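Heads up: the structure comes next, in structure tokens.
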Amino acid sequence: MAPSALVLMYHQITPDGSPEGWIPSPLADPRYGVGLSAFTRQMSVLREHGFSVLSLDEWIARKVPAEKHHRPAVIVTFDDGYESDWRLAAPVLSTFAIPATFFVSTGFIGSAGMMTEDQLSRLSRDPLFSVGSHGETHRFLTTLPPDACRLELVRSMGRIRAITGQDNMDLSAPGGRISRQVAALAEENGFRAILTSKPGVLTPEDGLLAIPRLPVLKEHSPDDFIRLLDPSSWAFQKDRWIRTAKQGIRGMALGIGLPERVRP
Ligand SMILES: [Zn+2]
């Protein structure tokens, strides 16, 4: 069997006991705020259930152990660049030796609730972690003229390289939205992989320019999380069906066909 992977998409981690609807920054959506205890349990489940947990680099280098091909590996990602991902998530990831990539909208670096340059630099020095681009201003790249899209890509890449010294650069498209044009511009400007929010299982046939991901939400119970990791499960299919249907409806409303993904 060919290797496959589920790419989990986290946003902010919320401290336990946070008031309902609390967000760390105006950029955040409370539905994406996974509580610290829930996140810790989820990372522990990945290890207890023996999942092969990979970094994006390992997937790209095809370093999936052959004996693990019978079920998808798991890749952990974070979007936006919240300070909670450094302060709360990274220590948990380190405890369980789980690699992760943090996609940062560079225009928000150092603003309230977001990671600072120093935190990003320290994160990138940890061999478990890498930093990627989530654009500069978090505008949806599909809505921008090519020159503005190119600026988002080039400026965010330059800032991250200056902070981290990293060479490899991957992109998580804001809102998960990409188009053929966005993918072409990203590739031309030196991005290696593009992550979307299109639901599904990643296989080698997908290539690297439209990687599907699964959002982990505040509402996910421990059982939901385990079902999310089983593509054959009912919950996975239902979740996929609902989100694909929502995308279709939004796409029709916008008259642009089926977008890759819709961030509320
Ligand atoms: Zn985002």
Expected output for the range 141-165 (first residue small (Gly, Ala, Ser), partner modelled with pLDDT of 95 or more and not in a helix (DSSP H, G or I), Cβ below 6 Å, 6+ apart or cross-chain) is Ser156/Ser133; Ser156/Gly135; Ser156/Glu136
Across the range 97-111, the tally of residues that are in contact (Cβ under 8 Å) with a residue 60 or more places away in the chain and among the small types (Gly, Ala, Ser) stands at 2
Gly107: passes all of (1) modelled with pLDDT of 95 or more; (2) farther than 27 Å from Arg227 by Cβ; (3) away from the ligand (no atom under 14 Å from the Cβ) but (3)
Of those in the range 23-41 that are assigned to a loop (DSSP other than H, G, I, E, B) and not hydroxyl-bearing (Ser, Thr, Tyr), the residue surrounded by the fewest Cβ atoms within 10 Å (Cβ to Cβ) is Pro26
The residue that is nearest to Gly135 (Cα to Cα), considering only those in the range 177-198 that are within 16 Å of the ligand (Cβ to nearest atom) and polar (S, T, N, Q), is Thr196
A careful count of residues in the range 1-22 that are of a type outside the set (S, T, N, Q), part of a loop (DSSP other than H, G, I, E, B), farther than 16 Å from Met43 by Cβ and touching a residue at least 60 places away in the same chain (Cβ under 8 Å) gives 4
Exactly one of Gly176, Gly107 is surrounded by 16 or more Cβ atoms within 10 Å (Cβ to Cβ) and under 16 Å from the mean Cα position of the chain (by Cα), and that one is Gly176
Being at pLDDT 95 or above, surrounded by 15 or more Cβ atoms within 10 Å (Cβ to Cβ) and in contact with a strand residue (DSSP E or B) (Cβ under 6 Å, 6 or more places away or on another chain) narrows Val74, Val64 down to just Val74
Of the candidates Pro127, Pro174, the one satisfying the condition of being out of contact with any Pro (no Cβ under 6 Å at 6 or more places or on another chain) and away from the ligand (no atom under 16 Å from the Cβ) is Pro127
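The values are calculated or read from the model by the stated rules, or taken from the named source; none is laboratory data. Owing to the predicted nature of the structure, the values given are computational and were not obtained by experimental measurement. All Cβ positions, even for glycine, are placed from backbone atoms using ideal geometry, and neighbour counts span all protein chains on display.
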